[in-house]
Amino acid sequence: MKKNILTMLLGLMVSVLTHAQIYSTQTATVSFYSATPVEDIEASCKTVIAVLNAATGEMAFQITNTAFGFKNKLMEEHFNEKYMESDKYPKSTFKGKINEKIDFTKDGEYNVTVTGKLNIHGVEQDRTISGKVIVKEGKIQLLTSFKVKNADHKVEIPKIVSAKIAEELDVKVDALLLPKK
């Protein structure tokens, strides 16, 4: 009898897993912008890993901090060595869940909120982020823009350069996800 229950449970798990539609990409783009009267700083990373479970609305993003590209190599060096401490904190992540119910089988544009945990510089923050989900021809695009305060993630900006770096950064995300096969 125990063997039959175990077989049924395994069958149910396989059934659930095969019906869970996973979408992913390794080429999502995350960019940030810091505007001050003294200097504007912007950088982007186009090798962001993103995964979405369409059955549950759960999603995850992972960024390698050293993959951000800057126009000025000295800014890139300071970003990695002094502010992000990329040797100590090599990745930034977001794990969350879409709060609204979406039919990912139907084309459309949906305004959503995602609640989850944003981890930057080794500091995890609970966040609810607004965005847009676009479903078109079996692909899913995730778009958002939100703000991140350096202080919230214990990113220390020395007073000598504080006029050049905004206390709050504008972050944009653009991820086109394809069904995982």
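No lab work stands behind these numbers, since they all come straight from the coordinates. These numbers were taken from a predicted model, which means no experiment stands behind them. Ideal geometry is used to build each Cβ from the backbone, glycine not excepted, and the neighbour counts take in all protein chains shown.
Values for this structure:
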read-out	value
Farthest toward positive dipole pole in the chain [+1 Lys/Arg, -1 Asp/Glu at C-beta], among Ser145, Phe94, Asn53	Asn53
Contour excess over end-to-end distance, with Cα ends at Glu81 and Lys147 and 0.36 nm allotted per residue	21.5 nm
Charge dipole (the stretch 21-179, unit charges on Cβ, about Cα centre) - positive-most of Val112, Phe68, Tyr33	Val112
Relative contact order [Cα under 8 Å, 6+ residues apart], the chain, whole percent	24 percent
Of the GluC sites (Glu not before Pro) in the stretch 119-181, those whose Cβ has at most 16 other Cβ within 10 Å and which sit in DSSP loop	Glu137, Glu156, Glu167
Helix-only CD estimate at 222 nm, as mean residue ellipticity for the chain, using -39500 (n - 2.57) per DSSP H run (n ≥ 4)	-4000 deg cm²/dmol
Over 26 Å between alpha carbons, listed pairs Lys136/Lys181; Lys71/Lys172; Lys147/Lys180; Lys91/Lys180; Lys73/Lys117	Lys147/Lys180; Lys73/Lys117
Those GluC sites (Glu not before Pro) in the stretch 62-110 that DSSP places in a loop and that have at most 11 other beta carbons within 10 Å	Glu100
Modelled FRET efficiency - R0 35 Å, Glu137 with Ser44, Cβ distances, 0.05 increments	0.85
Most fluctuating residue given options Thr66, Thr105, Thr128, as computed from a GNM of the chain linking Cα atoms under 10 Å	Thr105
Cα centre as origin, Lys/Arg/Asp/Glu Cβ charges: the chain dipole, Debye	780 debye
Stretch gain in nm, segment Phe70-Asn111, where the contour uses 0.36 nm per residue and the Cα spacing is subtracted	11.7 nm
